[in-house]
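> The structure that follows is given in the form of structure tokens.
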Amino acid sequence: MNEIASTLHDRAAAPVLSVPATEQGRMPAIRQYMRIAVRWRYVIIGAIVGCVLLGLVTTLLMTPKYTATATIEISRESSKVTDFQGVEREASVADQEFYQTQYGLLKSRSLAERVATRLRLIDDPKFYEMFGYTSDHPGFQLVNGRYPASGRNVRQRVAGELLLKNFSLTPTRLSRLVDISFTSPDPALSSRVANVWAESFIQTNLERKIQATSYGRNLLQQQLAQLKERLDMSQRQLVAYASAQQIINLPAQGGDGRGATERSIVADDLAALNGALGQATADRIQMEARYNQAGRGGASTEALRNQAINSLRQKRAELAAEYQRMMVQFEPGYPAAKAIQSQINQLDRSIAREEGRVSGSLEADFREAQQRENALQAKVEQLKANYLDLRRRSIQYNIYQQEVDTNRSLYDGLLQRFKEIGVAGGVGVNNISIVDPADIPQDPSSPRLLLNLAVSLLAGVLLGAVLAFGLEQIDEAIADPTEVERRLGLPLLGPVPKVDDVTPKEALLDRKSALVDAYLAIQTNLAFTTSHGVPRSFAVTSTRPAEGKSTTALALAATLARGNRKVILVDGDMRSPSVHHLGGVDHDRGLSNFLTGDDDIGSLIFKMDDLGFTAMSAGPIPPNAAELLTGDRLSVLIDRLLEDYDHIVIDSPPVMGLADAPLIASKVEGVIYAVESHGIRSSMVKTALGRLISANARVLGAVLTKFETKRAHYGYGYEYGYGYGRDSEKAARG
């Protein structure tokens with residue numbers, strides 16, 4: 001239908017509408033809701049009244065109930081009871097878990113059954129009768145006015161369930177206070193149950209602590225004995241294995257002689273000898289370097305440092321100098337020169353002997369360092385083998401040692417826990433106390449009339465809103481003018497009020513009537529649909545009969561005639577003619593005669609002097625009106641009538657089910673579509689418009705007929721001058 005709407009807008013110029021297009025197309029959500037509420041106001045009011053009456057009757061029929069409330073304080077348990085830092089501790093995430101656990105214990109079935117037992121409600125028939133409980137179980141069959149003992153367990157379970165059903169728990173926000181409430185028809189019973197519930201919770205809390213401490217102590221004591229035996233056995237096993245394997249470990253410095261702090265003798269010896277081997281290797285390398293330097297010939301460092309060699313070298317130098325002075329004067333064979341040469345040779349031999357002794361000493365030192373290094377190397381290799389063998393033998397030893405350490409840690413931790421439980425069990429701190437006991441309530445807590453009425457009112461509003469929206473979704477009727485363009489996509493030429501107590505013709509004859517004002521407004525909007533004003537030829541049609549199309553055609557012809565224009569109204573509905581009734585003539589001659597070939601138009605028309613225009617009846621009813629309209633005779637008729645008249649108004653048949661309306665619409669300048677307010681579904685109108693568009697008809701706009709302001713979503717200001725509208729409205733107000 002969006003295509004239909006766009007086509008209609010393309011073929012028709014925008015008229016002056018009663019409601020702006022922007023307002024129609026963009027209605028705010030709150031206005032839509034208000035429109036729905038106003039339209040279905042009686043449905044909403046009926047739903048509200050029904051719910052309020054139902055709530056009132058229900059409240060009056062309800063049995064009064066009384067609620068008693070006791071307040072208790074639940075303090076966070078401390079895990080440092082014997083610590084001098086204090087009993088209280090800071091709040092944490094665990095506190096929420098603790099308090100939720102306490103709330104769960106307060107609502108436990110066992111606590112409810114305990115309360116029922118203490119108050120002797122299990123064997124009280126009035127208690128079950130008070131809450132309307134009945135059962136065919138043998139345990140609830142009275143024998144001599146009493147319940148049998150065989151069904152006590154069943155009654156105890158049922159009594160606990162009844163108490164829990166009427167019990168409520170309300171923690172006070174950001175505090176440790178908790179309200180315990182119980183509701184029943186008996187105020188005294190409500191007070192007793194609330195108080196006994198609080199007392200029983202305190203007792204069960206203390207009993208649970210004692211039981212938990214006693215059970216924990218016994219269990220820890222048994223586990224301590226088992227761990228002590230395992231620790232002794234593992235220690236004996238460790239010592240026996242160390243003796244058999246000759247594993248001797250010494251405590252390390254600063255250690256306590258346990259586990260990883262022990263060290264073996266082999267490891268100490270290996271570390272010491274490995275250090276000595278490193279030093280011996282360094283000494284051997286140093287001696288080897290000195291020895292190699294002396295063996296390469298020349299003056300070694302050791303020789304240069306030797307005092308005897310230095311003295312001999314100095315003396316030889318002096319003799320050599322003396323010998324050179326003598327060679328200046330004498331020959332080498334000179335006796336004194338020969339004596340000096342002999343001394344020099346003797347000194348050379350002495351120097352050589354001294355250097356040989358130095359080299360021998362260095363070689364001896366090198367050999368000694370080398371032998372010491374080799375000895376230490378052999379000893380280290382031996383200790384390595386011994387250490388690796390010890391490591392292999394220590395694997396099982398370490399396993400035994402770890403077992404001893406584990407057993408000792410478990411034993412020490414369990415022993416400490418056993419001491420703490422013993423101290424905590426002796427302290428016996430109660431972390432729950434009663435702040436305010438429950439008093440006997442004087443006024444009933446339910447039913448609360450005002451609250452129930454408020455809830456009923458709210459439920460009525462919600463139910464009415466749901467019904468209104470549901471009806472709005474399934475209702476396709478066009479209720480007011482704003483929906484014409486929104487639902488159909490047609491420009492609105494104007495609404496026409498519904499006329500009661502008078503005929504349309506009588507209303508048109510009264511110049512002050514609301515009907516005349518409405519059609520004058522429609523005529524004004526119609527003048528803007530073409531460039532030359534009101535179309536010279538147009539048809540008025542509708543989706544189905546009795547929607548006001550004939551009245552619209554009649555009224556537009558009358559209003560145009562009052563504007564000093566020559567107008568002719570043609571009754572195009574040859575299947576159900578109606579125009580001749582308004583003129584007080586018959587339809588022996590009319591449109592069908594011309595369509596069948598009669599060209600004497602003067603004999604086919606008649607005057608309607610009271611309304612000021614000429615009319616043409618439908619003529620004799622033909623066997624098939626559509627066959628007459630398929631030819632060009634209608635176009636010829638329109639052309640000939642336009643020679644004598646300013647405007648031709650054709651009262652066309654309805655669109656649905658007939659081919660007449662599309663055929664007539666294709667021959668005229670435009671079509672005015674009549675839509676009955678609250679009388680037809682929008683889906684049918686869209687289908688009919690689709691047929692007109694397929695016939696290339698130009699739809700000028702829509703007229704909303706039989707419009708009732710009171711039934712519209714809003715008034716929209718559709719009140720017409722001084723006629724039937726205001727008079728009837730004043731009469732209704734009066």
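Residues checked against (1) within 29 Å of Met62 (Cβ to Cβ); (2) in a helix (DSSP H, G or I):
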| position | (1), (2) |
| --- | --- |
| Asp136 | yes, no |
| Arg173 | no, no |
| Ala188 | yes, yes |
| Asn195 | yes, yes |
| Glu207 | no, yes |
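> So, one more: Within segment 24-70, track down each residue that is surrounded by 15 or more Cβ atoms within 10 Å (Cβ to Cβ), small (Gly, Ala, Ser) and closer than 30 Å to Gly489 by Cβ.
Matches in segment 24-70: Ala37 only.
> With the condition kept exactly as written, say whether any residue in segment 579-595 is in contact (Cβ under 8 Å) with a residue 60 or more places away in the chain, open to solvent by less than 20 Å² (accessible area, probe 1.4 Å), in contact with a strand residue (DSSP E or B) (Cβ under 8 Å, 6 or more places away or on another chain) and within 29 Å of Ser513 (Cβ to Cβ).
yes
> Considering each of Thr524, Thr529 in turn, give the residue that is outside any helix (DSSP H, G or I), within 30 Å of Arg565 (Cβ to Cβ) and not hydrophobic (A, V, I, L, M, F, W, C).
Thr529
> Examine segment 429-444 for a residue that is of a type outside the set (D, E, K, R), open to solvent by less than 60 Å² (accessible area, probe 1.4 Å) and at pLDDT below 80, and state whether such a residue exists.
no
> For segment 631-640, indicate whether the set of residues that are modelled with pLDDT under 90, of a type in the set (Gly, Ala, Ser) and not in a helix (DSSP H, G or I) is non-empty.
Yes, the conditions are met somewhere in segment 631-640.
> Return the residues of segment 471-494 that are open to solvent by less than 30 Å² (accessible area, probe 1.4 Å), within 49 Å of the chain's Cα centre (by Cα) and either over 24 Å from Val675 (Cβ atoms) or at pLDDT 80 or above (or both); say none if nothing qualifies.
Pro481, Val484, Leu488, Gly489, Leu490, Pro491, Leu492, listed by residue number.
> Further, regarding this structure: Listed residues Ser542, Ser537, Ser513; which is over 15 Å from Val703 (Cβ atoms) and buried (at least 24 other Cβ atoms within 10 Å of the Cβ)?
Ser513
> Mind checking which residues of segment 623-675 are among the polar types (S, T, N, Q) and either open to solvent by less than 10 Å² (accessible area, probe 1.4 Å) or farther than 25 Å from Gly690 by Cβ (or both)?
Ser652
> In addition: For segment 492-515, what are the residues that are among the polar types (S, T, N, Q) and without any contact (Cβ under 8 Å) to a residue 12 or more places away in the chain?
Thr503 - this is the single residue of segment 492-515 that is among the polar types (S, T, N, Q) and without any contact (Cβ under 8 Å) to a residue 12 or more places away in the chain.
The values are calculated or read from the model by the stated rules, or taken from the named source; none is laboratory data. Since we're looking at a predicted model, the values are computed, not measured. Every residue, glycine among them, receives a Cβ derived from its backbone with ideal geometry; neighbour counts consider all protein chains shown. Areas reflect the complete protein model, heavy atoms only, side chains present, ligands, DNA and RNA absent. Shrake-Rupley method; radii C 1.70, N 1.55, O 1.52, S 1.80 Å.
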